[in-house]
Amino acid sequence: MSQSGLTAEHGVPWPSNGISEIPFRVYTDQDQYDREQERLFKGPTWNYLCLTVELAKPGDFVATTIGETAVIVVRDAAGEINAFVNRCVHRGNLLCLERQGNVKEFNCIYHGWIYNLTGQLTGVAFEHGVQRQGGMPPEFRKEEHRLQRVRTAVLGGLVFGTFSETVPDLETWLGPDVTRGVLRVMNRTPHILGRNSQVMPNNWKLYFENVKDTYHASILHLFLTTFKINRLTMPGGIYINKDGGSHYSFAKLDYAAEDAEYKNANLRSDSEFRLQDSSVVESVDEYGDGVSVQILTVFPGMVLQQIRNTIAVRVVRPRGVDKAELEWIYLGFDTDDEAMTERRLRQGNLIGPAGYISMEDGCVGGFVQRALQYNDDGAGIVMMGGHEAESQPFRASEAAIRGFWKHYRSLMGD
Amino acid sequence: MDDVAIRLGVQELIGDYAERIDEDRLEEWPDLFAESCRYLVIGRHDHEAGMRQGMMYAATKGMLLDRVFSIRRANIFEAHRYRHVVGPIRLKEVTGQVAVVHSHFIVARIMHDGATTLFATGRYLDRIDISAAPYRFNERIVVLDSDKIDTLLAIPL
């Protein structure tokens, strides 16, 4: 595992200064992976931590990770959200072993060192020894020790954290387009309808690129075409932020025309390739803007999706050079009635580990990873829609993938 | 109806369910459910917390049929099979024409190249229509012990 400052001086070499040819070794090289932990996940990036509704009361905490690094997020007595590294300053023990809960303070099980909800060390077991023998030396001062702080920010009920003291505030860093995209989806108070995760046999970047890949959707995911669901898709577009790494793509749908199409379909008899129950795609225009799909990414590993009436946060977590975990957090909103909840649950079959239009994404990265096994010379081609990473009014493009590499290269310094 | 007859009918249904999936007779899988039915695959943590969105959900028999059709015709994944081992079957309650039945399972996944792994463990929480033979599921909630799925979930559990 990498040690701070000891990662390789240079990463995997690139064939050019461009972002449309991607050296395959970036997915297989252990040094590159270690360097990403330092320069991306612990670097000047904002990483998704949890939802504010998971931290409703003082003492509510969530234990998570930024990249591979264990982190705790907690609401303190003053109502502020704090985050810090989940590592006791004493001997480096994992301080918090549960995923979620409520505490008055954090108490290390190993030697009983205690931290308050701002991460400040407040107690050391036997600090003054036992019967005046032993104990900490007089120069040791608890006030000088605290858990390593992680800066936090909140946008649309989503809590983000960064190790960087210099990265701009979250909204400036995301830029106006992506910020608007987050606030559009998260425009009500969310609640969690469920969560689960997929363990994927591939480098984390292969999944994150897949999410930014507007080119593959109608080719790899055959569900909608197989069932002849006329998507009646009207032109959408892609917004890519200045750094390149965060984006959103969207497409509109003529909801009324689609409804009429279902009714006509039910009258026809060529039902072999028709859905028996079309409720899995029966959706309403809950945002009132006709947008039926909005896929948004926040560099380096978070996705916020609206696919019809399914709302979800996805978090990509690197777990070794050829393994990643993808967490799905399915959301509803406080304004939902039972009919809306049921609609979200039925459409939920579209997404997640068993999703009709997402399950392929769980395996395709693994196929790439297998093909690259000891065969990682050369570079992949990412030239659909040009060589740049600019926002575009169409989606047959790999511009958002290039945006990822633009941001990646600028932070990795190669 | 006597208790032993109910237990035998329940055992037959639960065995039939595993057999139809494991022997790749997926087209016959929805027939084991009543016309009005509910099928849900969900993690234990979420289920116990009262959350409702899992990994697969069907609120009608049509949705079960669509799942099979999609697996066969639309979805792309590497060929694999399951082997279910269903543990003790517990008849918890019989109310009118409905039996509440709980059972345990483990499922091994066998990939086309022979790689075999323990894929899932959990409990079946069933509500079974016993009004006529053969019995049919009104509801089957598949509660997975873990909320982590390796790679993807294509074939129903």
(request) Could you run through region A:89-104 and say how many residues are without any contact (Cβ under 8 Å) to a residue 40 or more places away in the chain and surrounded by 13 or more Cβ atoms within 10 Å (Cβ to Cβ)? (result) 4
(request) Tell me which residues, restricted to region B:118-157, are open to solvent by 40 Å² or more (accessible area, probe 1.4 Å), of a type in the set (Ser, Thr, Tyr) and within 11 Å of chain A (Cβ to nearest Cβ). (result) B:Ser146
(request) Within region B:95-112, identify whether any single residue is within 18 Å of B:Leu13 (Cβ to Cβ) and without any contact (Cβ under 8 Å) to a residue 12 or more places away in the chain, and answer yes or no. (result) yes
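When the residues of region A:330-354 are narrowed to those that are touching a Phe, Trp or Tyr at 6+ places or on another chain (Cβ under 9 Å) and more than 8 Å from chain B (Cβ to nearest Cβ), which ends up nearest to B:Leu144 (Cα to Cα)?
Just the residues of region A:330-354 that are touching a Phe, Trp or Tyr at 6+ places or on another chain (Cβ under 9 Å), to begin with: A:340, A:344-346, A:348-353.
Now drop any that are not more than 8 Å from chain B (Cβ to nearest Cβ), which leaves A:340, A:350-351.
Numbers: A:Met340: 26, A:Leu350: 20, A:Ile351: 18 Å.
Across region A:330-354, the extreme among qualifying residues is A:Ile351.
Conditions tested, residue by residue: (1) crowded, with 18+ Cβ neighbours inside 10 Å; (2) more than 14 Å from chain B (Cβ to nearest Cβ).
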residue	(1), (2)
A:Gln131	no, yes
A:Leu158	yes, yes
A:Gly161	yes, yes
A:Pro176	no, yes
A:Val182	yes, yes
A:Arg195	yes, no
A:Met200	yes, no
(request) Collect the residues in region A:311-368 that are without any contact (Cβ under 8 Å) to a residue 60 or more places away in the chain and over 21 Å from B:Pro156 (Cα atoms), keeping them in residue-number order. (result) A:Ala312, A:Asp336, A:Asp337, A:Glu338, A:Ala339, A:Met340, A:Phe367
(request) Name every residue in region B:71-88 that is within 9 Å of chain A (Cβ to nearest Cβ), in contact (Cβ under 8 Å) with a residue 12 or more places away in the chain and not polar (S, T, N, Q), in order of residue number. (result) B:Phe77, B:Glu78
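I'd like to check something: does region A:229-251 contain any residue that is at pLDDT below 95, open to solvent by less than 30 Å² (accessible area, probe 1.4 Å) and in contact with a His (Cβ under 7 Å, 6 or more places away or on another chain)?
From region A:229-251, those at pLDDT below 95 are A:229-238, A:249-251; that's our starting set.
Among the residues that remain, those that are also open to solvent by less than 30 Å² (accessible area, probe 1.4 Å) are: A:229, A:236-238, A:249, A:251.
Still in the running and in contact with a His (Cβ under 7 Å, 6 or more places away or on another chain): A:238.
There is at least one residue in region A:229-251 that is at pLDDT below 95, open to solvent by less than 30 Å² (accessible area, probe 1.4 Å) and in contact with a His (Cβ under 7 Å, 6 or more places away or on another chain).
Residues A:Val303, A:Val313: which one is open to solvent by less than 10 Å² (accessible area, probe 1.4 Å), within 14 Å of another protein chain (Cβ to nearest Cβ) and among the β-branched types (Val, Ile, Thr)? Even if it seems obvious, please write down each step before you answer.
Values: A:Val303 fails: within 14 Å of another protein chain (Cβ to nearest Cβ).
That would be A:Val313, the only listed residue that is open to solvent by less than 10 Å² (accessible area, probe 1.4 Å), within 14 Å of another protein chain (Cβ to nearest Cβ) and among the β-branched types (Val, Ile, Thr).
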(message) So, restricting to helices (runs of 4 or more DSSP H) that lie completely within region A:320-414, which ones have at least 1 residues that are more than 30 Å from A:His191 (Cβ to Cβ) and open to solvent by 20 Å² or more (accessible area, probe 1.4 Å)?
(response) A:359-371, A:399-412
(request) Could you list all residues from region B:46-70 that are touching a residue at least 40 places away in the same chain (Cβ under 8 Å), within 23 Å of A:Ala312 (Cα to Cα) and more than 8 Å from every other protein chain (Cβ to nearest Cβ)? (result) B:His47
(message) For the list (1) without any contact (Cβ under 8 Å) to a residue 12 or more places away in the chain; (2) in a strand (DSSP E or B); (3) not aromatic (Phe, Trp, Tyr), I need the number of the one condition that A:Leu121 fails.
(response) (1)
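The values are calculated or read from the model by the stated rules, or taken from the named source; none is laboratory data. Keep in mind it's a predicted model, so treat the numbers as computed, not measured. Here Cβ is always computed from backbone atoms with ideal geometry, including for glycine, and neighbour counts include all displayed protein chains. Please note that ligands, DNA and RNA were not included when accessible areas were found on the heavy atoms of the full protein model with its side chains. Shrake-Rupley method; radii C 1.70, N 1.55, O 1.52, S 1.80 Å.
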